[in-house]
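Student: Structure incoming, see below.
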Amino acid sequence: MFRKIICLLTALVLAAGMACTAAAEGRREGLQFAITAADALWENAADGEAAAAEARKSGLASPVTEEELVAAGARIDREDGIIFMIRDFGVPRMARTAEEAVETAWSLVKTLDGNEEGELELVNRLNIGKTGVWFFHEVRGDEPVYGRMLKIFFDEEGRVNTVVSSLGFPEETDESLGAEEDPLGQRVLDAETPEIPDFSKMLPGEWTFTAEITPWESRDITVPVMQDPDTGLWYLGDPVRKIVLGDFKKMVLEGQPDCLLTSPENNGWDPEDALIFHRILQCRDFFSRKGWDGPDGLGTPVLLLNNLCLLNGEAMDNACYIGLLQEKWQTFAYSRGAGFGRCLDILAHEYTHAITETSIGVGLYKDDYGAINEAISDIIGNLCEMMLGETKDTQWNLGENLGSAFRSMADPHAREQPEYVWDEFYAPKALYPNDANDRGGVHANSSILNYTASRLCLDAGMAPEEALDFWWTVDLAMGSRTDYYQMAELMEWALRETGLEKYREAVRSMVGKTRMTLRARPDTVPVGQMLVELNLPDTEAMKDHGWTLMGIQLQTGEALSFLFNLLSGPPAGEGDTDFIGLIEQIAEGEAGAATWGSPEQAELQEQFRKVFLTHTTWQAAEGEPLAMIVQRGLPTLYLLMNLDLSTTEIRNIVLLAGSEWLDIEGSLGSLGEETEMNGEKAGEIVEKMISLGMSLLLPEDAERQSLPTAGLDRVELSAVPEAEAPAA
């Protein structure tokens, strides 16, 4: 009997162990993600159109009311009185087929405050594990209505369980979107792209090169190449993954669609191009293991363009996702010489933008919406780099392999980003979103979600595989108007959807810590901070949308330490940095690619970040003052800078000198005039500069400061000549 009991217990333990192992393996495998295009959801276009019309009629005739939803136990989430999410739907509605999805969508339009006379277009069907998602957006004619969309979620049996909607929110206008003339963007859209090669007939090959992975490490890497058997030309491309490289400058500025990179002998490829190509291949393979085929999930060929530049031909120090060009290429571009190939997180960031665009369609790239878009790319880009072992960073930095990171997700203040809503470095929404105000802080405020993601892993123990499932689910579930207020609820839903409810308290803690649901500007600020406000006068110059208020603060202790090190002479040892020599090189333009991303330059950047803090703000609403949070008691230089929105040239900089603003360009220009007032004018400027010096020596140490407006009414804006574009 004793032996039988022991055997039984052993069997139970082994069975439990096997069950735990299976569960663990299931967790490691994680979710699969996929997409089906709209044209594949109907047997043929004609039948689809007729079926959709019939389903619409049926849905409008049998609406789902709010009373029914409440009675069925549904949870309804609102923002500003408008429904943005319905959970635990309860009402028996099916969405197994496109017809049923269309019928369900129209049955909800009235309850969601949508337009019953409008048009809903079925964009695609997404899959998050075993959950299906029908994605609609409102259209007018052939054009989508900005910011209005609907997602209907259904389970394995086809039962509707969740709805995400923005149909009831006000329609966005060109002005509220910050739409301004974008000559370069229009040139890209109008450019004729190369024909897609016949990948099936291309002969595969390889090319091996030595790549600089970081400023301290090199590695031999082999990338695929392909040969056209008809011409004998080699292409820097992959016939299996359908990715090929081209030249942005040649295609866009010179108007030459024959821009693909070729070689007659499979040699002479630029190692920088090859390294970025390798990174994009890594991205594609990383996401494909989760079921996602290419940037848009549909296997669309990828065009990767080097030589990203401005209209005048100057290199644009950037890497970017351009989008779907001419319905045939998913397109990315990058500038040479910036070292982006070192940073898988940066390239995976751009790759993730393609996934997000597929998920939300015509998004609103401004304010919270744009910040969340950027944050999702930061988070998944970092996870990609970490999970593929391409970084030693454990603190969720972005671009750290350049030598100095762009963003620190675990410590946002280290890169002048906020930890919470209306923290220092927080960027308010923009009344007129544009490049001068970061479109309402889309890069600045990405840190609020970034901080949440990093702390969930670092503090709560969320594993990278779990984090990838969680944030990818959030990405595919969110809508075009998901802001931070809505994100707090969407994350709760995603925890249940991904089976990660064990992190619920950690998520709620981070929502509180980041003040994600805070809507209005607070009346009080924490100890050590100061709220600064400026009311712009009602003049033509100040009505221009290109003004940004900057507060540059000097951290005196760090400044004295840096100054002492700077003046203490040349470096004593071989490992010490000659900062003065490096500054001279940069000032004389001798640094070039040799210094960009070098350890010395990175160290210099870090030193400057410790010495200076930069805060920026702009007009958030009509009639409201410009407002920002700064550190209390630090010497602060206040500048008003105006950027020409069509050329990105600085039109004017106005400096607060004591109690009056000094128009630098206007004042210095008047000194050159041959008048008797020159001496008096010079004396006035000197007096103001003395006032400025005194204000820096005796900084404000209060909870709130209203900046004076004297002198702003005399500021004028000079015209900036349009940038000349090279002839096509």
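The values are calculated or read from the model by the stated rules, or taken from the named source; none is laboratory data. As the structure is a prediction and not an experimental result, all values here were calculated from the model. With ideal geometry, Cβ positions are generated from the backbone for all residues, glycine too; neighbour counts draw on all protein chains shown.
Student: For segment 56-75, indicate whether the set of residues that are within 31 Å of the chain's Cα centre (by Cα), surrounded by fewer than 18 Cβ atoms within 10 Å (Cβ to Cβ) and either among the small types (G, A, S) or outside any helix (DSSP H, G or I) (or both) is non-empty.
Tutor: Yes, segment 56-75 contains a residue that is within 31 Å of the chain's Cα centre (by Cα), surrounded by fewer than 18 Cβ atoms within 10 Å (Cβ to Cβ) and either among the small types (G, A, S) or outside any helix (DSSP H, G or I) (or both).
Student: Every residue in segment 193-228 that is part of a helix (DSSP H, G or I), exposed (fewer than 14 other Cβ atoms within 10 Å of the Cβ) and in contact with an Asp or Glu (Cβ under 9 Å, 6 or more places away or on another chain), please.
Tutor: Residue satisfying the conditions is K201 alone.
Student: For segment 453-515, please list each of the helices (runs of 4 or more DSSP H) lying entirely inside it that holds at least 2 residues being surrounded by fewer than 23 Cβ atoms within 10 Å (Cβ to Cβ) and in contact with a strand residue (DSSP E or B) (Cβ under 6 Å, 6 or more places away or on another chain).
Tutor: Ranges flagged: 484-497.
Student: What are the residues in segment 78-109 that are in contact with a helix residue (DSSP H, G or I) (Cβ under 8 Å, 6 or more places away or on another chain) and either of a type outside the set (A, V, I, L, M, F, W, C) or outside the structural domain of M149 (by TED's automatic domain parsing) (or both), if any?
Tutor: The answer is E79, R87, G90, R93, E99, E100, E103, T104, S107.
Student: If A315 satisfies every condition in (1) surrounded by fewer than 17 Cβ atoms within 10 Å (Cβ to Cβ); (2) closer than 22 Å to M226 by Cβ; (3) not acidic (D, E) but one, which is the exception?
Tutor: That leaves (2) as the condition not met.
Student: To continue, here is another question. Could you say which residue among L476, L468, L495, L456 is over 27 Å from R125 (Cα atoms) and either within 18 Å of the chain's Cα centre (by Cα) or touching a residue at least 12 places away in the same chain (Cβ under 8 Å) (or both)?
Tutor: The match here is L456.
Student: Then there's this: In segment 379-418, which residues are in a loop (DSSP other than H, G, I, E, B) and either in contact with a Cys (Cβ under 6 Å, 6 or more places away or on another chain) or among the small types (G, A, S) (or both)?
Tutor: G389, G399, G403, S404, A405, A410
Student: Checking F406 against (1) closer than 27 Å to R284 by Cβ; (2) of a type outside the set (S, T, N, Q); (3) buried (at least 24 other Cβ atoms within 10 Å of the Cβ), which test does it fail?
Tutor: Tallying (1) closer than 27 Å to R284 by Cβ; (2) of a type outside the set (S, T, N, Q); (3) buried (at least 24 other Cβ atoms within 10 Å of the Cβ), F406 fails exactly one: (3).
Conditions tested, residue by residue: (1) touching a residue at least 40 places away in the same chain (Cβ under 8 Å); (2) surrounded by fewer than 17 Cβ atoms within 10 Å (Cβ to Cβ); (3) not aliphatic (A, V, I, L, M).
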position	(1), (2), (3)
V91	yes, no, no
V109	yes, no, no
D113	yes, yes, yes
R125	yes, no, yes
T131	yes, no, yes
G141	no, yes, yes
I152	yes, no, no
T162	yes, no, yes
L167	yes, no, no
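Student: On to the next question. Whether any residue in segment 40-54 is over 27 Å from G291 (Cβ atoms), surrounded by 14 or more Cβ atoms within 10 Å (Cβ to Cβ) and assigned by TED's automatic domain parsing to the domain that holds R148 is what I want to check.
Tutor: yes
Student: Still on this structure, please answer the following. Would segment 269-280 turn up any residue that is more than 30 Å from L643 (Cα to Cα), assigned by TED's automatic domain parsing to the domain that holds F340, more than 29 Å from the chain's Cα centre (by Cα) and at pLDDT 95 or above?
Tutor: yes
Student: Additional query: Being in contact with a Phe, Trp or Tyr (Cβ under 6 Å, 6 or more places away or on another chain) and either outside the structural domain of S200 (by TED's automatic domain parsing) or small (G, A, S) (or both) narrows it down to one of G291, G299, G246, G255, so name that one.
Tutor: G291
Student: Still on this model: Quick one: T231 ticks every box in (1) touching a residue at least 24 places away in the same chain (Cβ under 8 Å); (2) over 14 Å from L347 (Cβ atoms); (3) of a type in the set (V, I, T) bar one, so which box is it?
Tutor: Going through (1) touching a residue at least 24 places away in the same chain (Cβ under 8 Å); (2) over 14 Å from L347 (Cβ atoms); (3) of a type in the set (V, I, T) one by one, T231 breaks only (1).
Student: For segment 373-400, enumerate the residues that are crowded, with 24+ Cβ neighbours inside 10 Å, at positive phi and either without any contact (Cβ under 8 Å) to a residue 40 or more places away in the chain or assigned by TED's automatic domain parsing to the domain that holds E350 (or both).
Tutor: Result: no residue meets the conditions.
Student: If you don't mind, there's one more thing I want to ask. Look at F564 and say whether it is of a type in the set (F, W, Y), at negative phi and either at pLDDT 85 or above or crowded, with 17+ Cβ neighbours inside 10 Å (or both).
Tutor: No.
Student: Here's another thing I want to ask about it. Going through G323, G339 one at a time, which residue ends up being small (G, A, S), out of contact with any Lys or Arg (no Cβ under 9 Å at 6 or more places or on another chain) and more than 27 Å from P433 (Cα to Cα)?
Tutor: Criteria check complete, one pass: G339.
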